[in-house]
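Working notes, beginning with the structure itself.
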Amino acid sequence: MFRTEHEPLALLVELTPRLAKKRFREEIYKDWDYKCAYCGDDASSLEHIIPKYRSGCSSRHNLVPACTKCNSNKASEKMETWFEKQPFFSKEKLKSILYWMESNTLEFIDTYINNAIA
Ligand SMILES: [Zn+2]
């Protein structure tokens, strides 16, 4: 099946990060039930809560699923400012998003510290 013994290895090296990324993204969708974190419609992409250009990172705590409309509508505006102006705004939803950011940040710090000490 493989021409050289190096082929399956090369394949593994190439596939694993891609699969890992896919799984990473899938987990976020699943946690939000595949719905837009803002309006509740079907999500079509992951959105940076703090935009990349404002130093928002691509870690779990800064990503939520969003529909095309919210994603393009929010663009680079500050999340809270933008969200409050939307007809579908609710304090409960805002709380869920802030809680998501906070709990995943704590997890992120825990992992970071454990790896640094170990
Ligand atoms: Zn939406």
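Within region 59-74, the set of residues being hydrophobic (A, V, I, L, M, F, W, C) and away from the ligand (no atom under 13 Å from the Cβ) comprises 63 only. In region 81-118, of all residues being acidic (Asp, Glu) and closer than 24 Å to residue 27 by Cα, the one that is farthest from the ligand (Cβ to nearest atom) corresponds to 110.
Whenever a residue of region 84-111 is assigned by TED's automatic domain parsing to the domain that holds residue 39, its partners that are of a type in the set (Ser, Thr, Tyr), lying with C-beta atoms within less than 7 angstrom and at least six residues away or across chains, give the pairs 86/38; 88/38; 93/38; 108/59.
The values are calculated or read from the model by the stated rules, or taken from the named source; none is laboratory data. Bear in mind the structure is a predicted one, so any value in this text is a computation, not a measurement. Cβ: placed from backbone, ideal geometry, glycine included. Neighbour counts: every protein chain shown.
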